[in-house]
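Peer 1: Attaching a single structure in structure tokens format; questions to follow.
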Amino acid sequence: MTGKRTAALIAELLVWWFSLSVLWLGLISTVDALEVLAGAVCALLAAVLAVAARRAVTDR
């Protein structure tokens, strides 16, 4: 992968992760450290899967 493509991939991953983390924080009723950590980990996993799914569809 080229440097520009890698940067775009990382940027897309960060946008997904941030968006999903904000959504998680908006949907939970209490915000404590464990909830934030669980949401961040789940959001990161979902972000990786979203980027992989988009790449699988567009990189044919």
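Peer 1: Given the protein chains as shown and a 1.4 Å probe, how many square angstrom of Thr58 are accessible, to the nearest 10?
Peer 2: Thr58 has an accessible surface of roughly 80 Å² with all protein chains in place.
Peer 1: Let me ask something else. Got a number for carbon plus sulfur as a percent of the chain's accessible area, 1.4 Å probe?
Peer 2: Solvent-exposed carbon and sulfur of the chain make up 76 percent of the total.
Peer 1: With 10 Å bins from zero, work out the P(r) of the chain over every alpha carbon pair and list the percent per bin.
Peer 2: Over the chain, the share of Cα pairs per 10 Å bin runs 23, 43, 23, 10, 1 percent.
Peer 1: Could you state the accessible area per residue of the chain in Å², with a 1.4 Å probe and every protein chain left in place?
Peer 2: Solvent-accessible surface per residue comes out at 76 Å².
Peer 1: For the chain, what is the mean residue ellipticity at 222 nm derived from helices alone (per DSSP H run of n ≥ 4: -39500 (n - 2.57); sum divided by total residues; nearest 500 deg cm²/dmol)?
Peer 2: It comes out at -30000 deg cm²/dmol, rounded to the nearest 500.
Peer 1: With axes computed from alpha carbons, what is the tilt in degrees of helix 3-27 against the longest principal axis of the chain, rounded to the nearest 10 within 0 to 90?
Peer 2: 20 degrees
Peer 1: Got a sec to turn the phi values of the stretch 47-53 into Karplus ³J(HN,Hα) couplings, 6.51 cos²θ - 1.76 cosθ + 1.60 with θ = phi - 60°, whole Hz, x for Gly and Pro?
Peer 2: 5, 4, 5, 5, 5, 4, 5
The values are calculated or read from the model by the stated rules, or taken from the named source; none is laboratory data. Bear in mind that the values here come from a model prediction, so they are computed numbers and not experimental data. Remember, those area values only see protein heavy atoms, side chains included, never the ligands or the DNA or RNA. Shrake-Rupley method; radii C 1.70, N 1.55, O 1.52, S 1.80 Å.
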